[in-house]
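The structure under discussion appears below in the form of structure tokens.
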Amino acid sequence: MTQKNSKPLGDEGPLVVVGGGQAGALMATFLAKRGHEVHIFESRPDPRLVDLDAGRSINMALATRGIVAMRELGVYDRVEPITIPMKGRMVHPEDGEVNFQPYGTSADHAIYSVGRHSLNAILLDAAEDTGNVTMAFGQRCRGVDWSRRMLVLTDYSNDEAMAEVPFDTLFGSDGANSEIRRSMQLVNGGSTSVHVLDHGYKELEIPAGPGGSFLLEPNALHIWPRGNFMLIALPNPGGTFTVTLFLPFGADDPDIGSADSFATLTDPQAVERFFAREFPDFVDLVPDLSEQFFANQTGDLATVRCSGWSHGDTGVLIGDAAHAIVPFHGQGMNLALESCRLLDRRLARYPYDVAQAFTLFEMDRKPDADAIADMALDNYIEMRSGVTDPRYLIKRELALELERRFPDRIAARYGMVMFTTMPYYEVKSRAEDQAVILDKLTAHATSLDDVDFDRAEQLVTQLGPLPVQI
Ligand SMILES: Cc1cc2nc3c(=O)[nH]c(=O)nc-3n(C[C@H](O)[C@H](O)[C@H](O)COP(=O)(O)OP(=O)(O)OC[C@H]3O[C@@H](n4cnc5c(N)ncnc54)[C@H](O)[C@@H]3O)c2cc1C
């Protein structure tokens with residue numbers, strides 16, 4: 001909803017970013033590099049001064065979209081040294097040998113494990129180093145007076161005392177439970193739908209081996225797929241692995257409640273029995289498993305889809321505040337960082353019409369956010385059961401073989417999401433067309449030797465060119 005016809009960004013005062021996570025820090029850097037004065041307000045303490053997770057390493061998968069956004073600002077050179085490449089999945093099946101499934105067809109088809117707090121610290125430093133960004137921590141947004149362009153904050157030392165901060169334009173990067181979104185939708189007519197998954201997650205850690213060595217292969221993302229649930233592990237510098245158990249909550253469903261679920265893992269014996277039965281090779285690596293299990297919280301996972309990402313030229317949502325997704329494609333942060341790059345591009349294109357830039361940003365980006373939200377949910381099924389299903393495996397092998405033979409006509413869905421900047425919406429639709437072809441070609445195949453590659457060429461040629469990268 002447009003309030004004014006047009007106005008340049010920042011002509012009525014500073015730009016204010018609420019939330020100093022990955023999206024807030026990177027957006028501030030984009031804005032500062034265009035010469036704007038930017039203030040970041042973040043509710044938590046400065047992660048560069050305080051250990052927010054009591055010594056635990058929490059990591060994430062960084063992929064091309066996030067890297068491209070950071071490269072555009074010259075920030076990735078600082079991030080690269082703290083990343084560990086993961087070139088494929090190391091699958092630990094219930095029965096059978098551990099096996100490695102490469103992510104793509106070339107050596108640079110890798111994703112990168114990166115520590116959440118180390119990355120955040122680098123992004124905040126980069127924002128500060130522009131010379132145009134100031135930051136205040138322990139400052140929680142309580143609401144916004146959009147007509148007066150005033151942000152309402154409280155300081156962590158006194159939750160009662162409200163302060164007002166004027167802004168020209170507000171960037172709401174305050175995460176999945178965004179207060180800016182709530183406040184904006186009171187005035188712009190937008191709406192939010194939150195879908196909470198009936199599976200939750202618990203983070204654990206595999207310690208380093210002697211001399212900081214890795215107890216598992218470090219250049220892989222490890223998966224223990226178990227049908228309805230799974231365990232994954234990503235490496236950290238220093239030899240540890242951050243492990244995540246994804247499992248049904250189960251508490252509210254009598255059918256699920258009797259099967260494996262967080263609801264059944266209520267005492268150390270139950271936890272030890274469960275892990276020993278399901279993940280015997282993992283149990284040997286973690287001597288304090290049940291202590292960790294009960295010390296660490298169980299988290300929930302949600303998809304947030306909303307409309308009304310902006311309010312005229314006064315404010316816009318960015319990152320998880322606009323589009324939070326479940327983590328099974330390792331894309332939430334990558335999506336958030338790419339959104340910062342695309343919003344910056346829109347603002348550069350419409351320097352005198354901020355409201356129009358915001359409107360067009362949402363029009364382009366919302367279909368992409370919805371598409372990756374769907375693909376992330378699909379990928380949970382692929383990770384927890386597909387990676388051991390012979391039908392899935394032959395189709396995946398064929399997709400990679402066709403990609404080698406016809407690189408400008410076909411690309412595996414995983415690769416299009418992780419190793420390109422093709423719009424997610426087009427990736428999803430392209431992958432659906434390719435899936436029809438893969439189904440046809442593998443209908444009676446048990447190995448690639450059974451595939452009719454002449455027919456494959458005809459079918460692949462009928463597909464148009466691959467989506468253009470943005
Ligand atoms: C278990 C798990 C694993 C994940 N793994 C991956 C992965 O491998 N790869 C990937 O790409 N993504 C992953 N993600 C998603 C990723 O964490 C998010 O998409 C990303 O952090 C979004 O960044 P953001 O800056 O938008 O939000 P956040 O990182 O949530 O930052 C929001 C910031 O706003 C602050 N804030 C909140 N409310 C207020 C307020 N009222 N006032 C002031 N400040 C406020 C918060 O303290 C926070 O610092 C994962 C998510 C989960 C839950």
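Just for region 337-357: of the residues that are touching a Pro at 6+ places or on another chain (Cβ under 8 Å) and assigned to a loop (DSSP other than H, G, I, E, B), which one is farthest from residue 249 (Cα to Cα)?
Per the criteria, the residue is 352.
If you take the residues of region 132-162 that are assigned to a loop (DSSP other than H, G, I, E, B) and open to solvent by 50 Å² or more (accessible area, probe 1.4 Å), which of them is farthest from residue 29 (Cα to Cα)?
Only one residue tops the list, namely 157.
Let me confirm something: among 186, 204, which residue is at pLDDT 95 or above and under 29 Å from residue 376 (Cα atoms)?
204
Being away from the ligand (no atom under 16 Å from the Cβ) and closer than 18 Å to residue 173 by Cβ narrows it down to one residue among 72, 12, 97, 42; which is it?
Going through 72, 12, 97, 42 in turn, just one is away from the ligand (no atom under 16 Å from the Cβ) and closer than 18 Å to residue 173 by Cβ: 72.
Working only within region 343-363, note down all residues that are free of Cβ contacts under 8 Å to residues at least 24 places away in the same chain and within 19 Å of residue 421 (Cα to Cα).
345, 346, 360, 363
Return the residue satisfying two criteria in turn: it lies in region 413-438 and is open to solvent by 20 Å² or more (accessible area, probe 1.4 Å) and touching a residue at least 60 places away in the same chain (Cβ under 8 Å), and of such residues it is nearest to residue 461 (Cα to Cα).
Taking the candidates together, the pick is 414.
Name the residues in region 358-370 that are away from the ligand (no atom under 16 Å from the Cβ), in contact with a Phe, Trp or Tyr (Cβ under 8 Å, 6 or more places away or on another chain) and open to solvent by 20 Å² or more (accessible area, probe 1.4 Å), would you?
Residues satisfying the conditions are 360, 367.
Pairs needed: first member in region 439-452, at pLDDT 95 or above; second member anywhere, among the charged types (D, E, K, R) and exposed (fewer than 13 other Cβ atoms within 10 Å of the Cβ); C-beta distance under 7 Å; at least 6 residues apart or different chains.
441/455
Out of everything in region 303-319 that is in contact with a strand residue (DSSP E or B) (Cβ under 7 Å, 6 or more places away or on another chain) and not in a strand (DSSP E or B), what residue ends up being nearest to the ligand (Cβ to nearest atom)?
In this case the residue turns out to be 318.
Which of the residues that make up region 289-313 are open to solvent by 30 Å² or more (accessible area, probe 1.4 Å) and among the aromatic types (Phe, Trp, Tyr)?
Scanning region 289-313 gives a single hit, 294.
Restricting the search to region 324-336, which residues are part of a helix (DSSP H, G or I), buried (at least 24 other Cβ atoms within 10 Å of the Cβ) and more than 6 Å from the ligand (Cβ to nearest atom)?
329, 335
Checking residue 249 against (1) open to solvent by 30 Å² or more (accessible area, probe 1.4 Å); (2) over 24 Å from residue 290 (Cα atoms); (3) away from the ligand (no atom under 14 Å from the Cβ), which test does it fail?
Residue 249 satisfies every listed condition except (2).
Among the candidates 348, 373, 355, which residue alone is within 14 Å of the ligand (Cβ to nearest atom) and either more than 18 Å from residue 30 (Cα to Cα) or of a type in the set (Gly, Ala, Ser) (or both)?
Among 348, 373, 355, only 373 is within 14 Å of the ligand (Cβ to nearest atom) and either more than 18 Å from residue 30 (Cα to Cα) or of a type in the set (Gly, Ala, Ser) (or both).
Looking only at strands (runs of 3 or more DSSP E) that fall completely inside region 174-244, which ones have 1 or more residues that are farther than 28 Å from residue 79 by Cβ and within 15 Å of the ligand (Cβ to nearest atom)?
Qualifying strands (runs of 3 or more DSSP E): 192-206.
The values are calculated or read from the model by the stated rules, or taken from the named source; none is laboratory data. From a predicted model like this one, the values you see are computed outputs, not experimental measurements. Don't worry about glycine lacking a Cβ; one is built from the backbone with ideal geometry, like all the others, and counts go over all protein chains shown. Remember, those area values only see protein heavy atoms, side chains included, never the ligands or the DNA or RNA. Shrake-Rupley method; radii C 1.70, N 1.55, O 1.52, S 1.80 Å.
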